Each structure stands twice: as structure tokens, then as C-alpha cells.
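For reference, the structure is listed below as C-alpha cells.
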Amino acid sequence: FDRVTRLAVAAFRVPIALVSLVDRERQWFKSRVGLDAAEMPRSLALCSHTISLDDVLVVPDTLLDERFAGHPQVTGGPRIRFYAGQPLHSVDGQPLGTLCIIDTAPRAFGDADRRLLGDLARLAQDELNRDALVVARTRELHDKNAALELAMRLRGTAERVLRQKQELLDAVLETVDVGVVACDADGHLTLFNRAARGFHGLDAEHGLALADLPAHYDLYGEDGLTPLGPEQVPLVRALRGECVQDAGMTIRVPGAAPRRLLASGRALHGAGGERLGAVVAMKDVTELDASRARLAESGEWLRTIADNVPALIAYVDTDLRYRFANERYREWLGVKSQDMIGRTVLESMGEAFYAPRREALERCLGGHASH
């Protein structure tokens, strides 16, 4: 505090500088230069006017200020003619006292002088509040440490939950019979599950570029004959933003029958709309296609046999609508089978054909054979 008052005297070229503390009954001087008294009654303290302000109090000439013109220290020793005081506050904003400078002659006090007095006052104020500031800083650090520990615990919990979810996802992806492949926003593979490895015959290199897929695997179009270009790969299409739905493709693996797949997928985006990559799921329809082929082949066999039997053969549903009719209808009655499909017996053949057969048809629909 003595350093502050000495600096004030030297900086402003005044005879008196004080760091004063003001309580209910008195003003006492924590540091003083140019004044012998250590304290005085508050009723005589010029600084009582200063501590009620939030800013510096400047009195260029005390004799011209009605608050100070009759003050004993103005009319008598030390004959104060100029006063400037800056209030000092506690950490919580309570006024504690002042840093003031005093001269025995009137003087001007400009903006630069006000700033300098304010800087010196803040030095004194920081010193007054040093212990409180240390306590406040310690409490602040303690609170920050507690918040950091809580954040670390929450992060640890979140990471454990994330790991559990990832383990569950990995287990599901390695168990299902659907092939799942994914890539990042730059077009490099990030996921290639067990089923996908089985479909392709071997694992994918981590970070393999999508453009290199056709060079690593024998990929063909839906017909199983046309090589699949890089831009036609379902995962590439999904990454470009296309919603891929049941795109047919064929994979040939040496020593194995061609595998027919249907691929569906889409691009992935973050919460802010940023592109994250793409994912595609592939289901194996090789057996389904084979079953359909066998069914079509059986149907063709059935039609071939039916068309060569010397009899009218038809299949009608419960609404008596034709679902199948052999070639003999055209040869014998002049009615094309394709014109009969979806129409009732009455609509297709007329009343003369339908009437004598109605009872037999109804008996058949009732679950009885009819001859």
C-alpha cells in the first residue's frame, strides 16, 4: 500500500496521497504520504463522499464546492484546495475506502489523470482483496475440477454404453444372414460383415476404395453376364445419394455357383446434415430364383401336357373365374385361353355353356367330385 501512495505522489506531483478505509464511525489510513494523522472521525472525512460513488470524485477547487468550502481541513491545516478520490470495493462490491490524492492549490484533472488514478486504485483494491481472491480462485478451481471429474465420469459412462452398443451391433451383424457393407464419406469400406464375406468369397481390405471393388471381386449385373462397372455398384450408388431398392447383382466365386443378390441401401448423414457415408444390405435370393425357375419349369410342363390331352382342361377359383385353360378351348370352341383368364365361366362361355354345368360346378365347390 505504501508503494501505491508513493507512486501516486510521484505521478501526480501532489504533497498528499492516502489509502483510507472508512467504517461506521471513523476513517483510518492504511497508508499515507504527507499527512501525520493516522485516522479521523468519519464526520470529517472527505472520502465519505467518495465511497458513495462508483466512479472517481474530483474537486478541482474546494473553496468553490459547497460541500467542502467550510471544511476544517480546507479552512485550516493542511488547507486542502484540490481533492481526487477513487473508491475501493470488496470482491462482492461493498465500498471499503478510497485511494485519494490531495493538493494545497487548485488544479485541473483530465481524462488521462482519471485513468491513471483508477489504475493505481485497482492495484490497492486487488491488494485489499488478495485473500478473498485467493479463496474465490480456489473455490473456482475446485468447482472446475468437480465439473471436470463429473464430465469425465459421464464420458466414461457414455463410452461404456457406446462400447456395449457396438458389441451388440457387431454380434448382430456377424450373426445375421444378410450381407451388410458400409463406407465412409470418402468412399472407403468401413464394414464388411460375415455374410458379405461369404457372398464375395473373401474378406475386404480395410479402407478399400469403392472404385476398386470390381477389380477385387467378380461382380455382374442382374443377368449374371454383364460385368458391373464401378458406378453401378449399389454401395457407390447409395453414396451418391440414390435410394437403392432391391438392386439385382450377381457375384461369381471360383469353384462355386454364381450367387444372386438383391441390394438395398442409402446414404448416411449426421445430425447437422453432413455426409457420413453409406450402407447397403444384401440378401441372397439364389435359392429363391432357383425355386421360381423350377416353378416356371413345372408350369411349362403342366401346360405342355394339358395342351396335348384331348380334353377341355381348366382351373376356376371360388368365384368361378378362369385361372387356367388349355389350348383345346381355342381349337374346339374358338375361345382363346388368354381371353378367358380373370373372367367367369358365364362371361367367357355364355349361358348356353354355363347352364348345364352350373350344378356340377357348385357340387365341386362344395367339396364333392363331379363326373
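The values are calculated or read from the model by the stated rules, or taken from the named source; none is laboratory data. It should be emphasised that the depicted structure is a prediction, and the values quoted were computed from it without experimental measurement. Neighbour counts run over all protein chains shown; Cβ positions are idealised from the backbone, glycine included. Surface areas here come from the heavy atoms of the whole protein model, side chains and all, with no ligands, DNA or RNA. Shrake-Rupley method; radii C 1.70, N 1.55, O 1.52, S 1.80 Å.
List of remarks:
- Remark: the stretch 72-126 is approximated by an ellipsoid whose semi-axes, taken from the C-alpha gyration tensor as √(5λ), come to 24, 15, 7 Å, largest first.
- Among Leu133, Leu268, Leu168, the order of accessible area from largest down is Leu168, Leu133, Leu268, computed with a 1.4 Å probe on protein heavy atoms.
- Here the label points at Asp223 and Glu347, each 7 Å from Cα along the C-beta direction, are separated by 3.7 nm in the simple model.
- Rounded tilt (10° steps) of 111-128 against the dominant C-alpha axis of the chain: 80
- Comparing Gln86, Leu63, His49 along the charge dipole axis of the stretch 36-87, the residue lying farthest to the positive side is Leu63, per the Cβ-charge model.
- Two-site label geometry, Ser43 and Ser298: point separation in nm, points 7 Å out along Cα→Cβ: 12.1
- 222 nm mean residue ellipticity, helices alone, for the chain (DSSP H n ≥ 4; -39,500 (n - 2.57); rounded to 500): -11500 deg cm²/dmol
- Test item: Cα-centred dipole of the chain, Lys/Arg +1 and Asp/Glu -1 on Cβ, debye: 920
- Taking a ≥ b ≥ c as the square roots of the eigenvalues of the alpha carbon gyration tensor, the chain is prolate, as a/c is not under 1.5 and a/b beats b/c.
- The chain - percent relative contact order, Cα under 8 Å, separation 6 or more: 8
- Accessible area of the chain belonging to carbon and sulfur atoms, whole % at 1.4 Å probe: 54
- Shape category assigned to the stretch 121-192 from the gyration tensor of Cα positions, a/c cut at 1.5: oblate
- Spatially proximal lysines relative to Lys283 (Cα-Cα < 25 Å; intrachain offsets below 8 disregarded): Lys165
- Projected area averaged over orientations for the stretch 161-275, convex hull of C-alpha atoms, nm²: 7.8
- Basic side chains Lys and Arg get +1 at the Cβ, acidic Asp and Glu get -1 at the Cβ, and with that the dipole of the stretch 9-133 about its Cα centre reaches some 320 debye.
- A full extension of the chain between Asp339 and Ala11 corresponds to an added length of 106.5 nm, given 0.36 nm per residue minus the alpha carbon distance.
- The label point for Ala257 and the one for Leu141, both projected 7 Å from the Cα toward the Cβ, are 7.5 nm apart.
- Dipole magnitude (debye, nearest 20) for the stretch 133-258, charges at Cβ of Lys, Arg, Asp, Glu: 820
- Taking a ≥ b ≥ c as the square roots of the eigenvalues of the alpha-carbon gyration tensor, the stretch 27-185 is classed prolate because a/c is 1.5 or more and a/b outweighs b/c.
- Nearest-ten-degree value, helix 130-175 long axis tilted from longest Cα axis of the chain: 10
- Acute angle (nearest 10 degrees) that the helix 2-12 long axis makes with the longest principal axis of the chain, alpha-carbon atoms: 80
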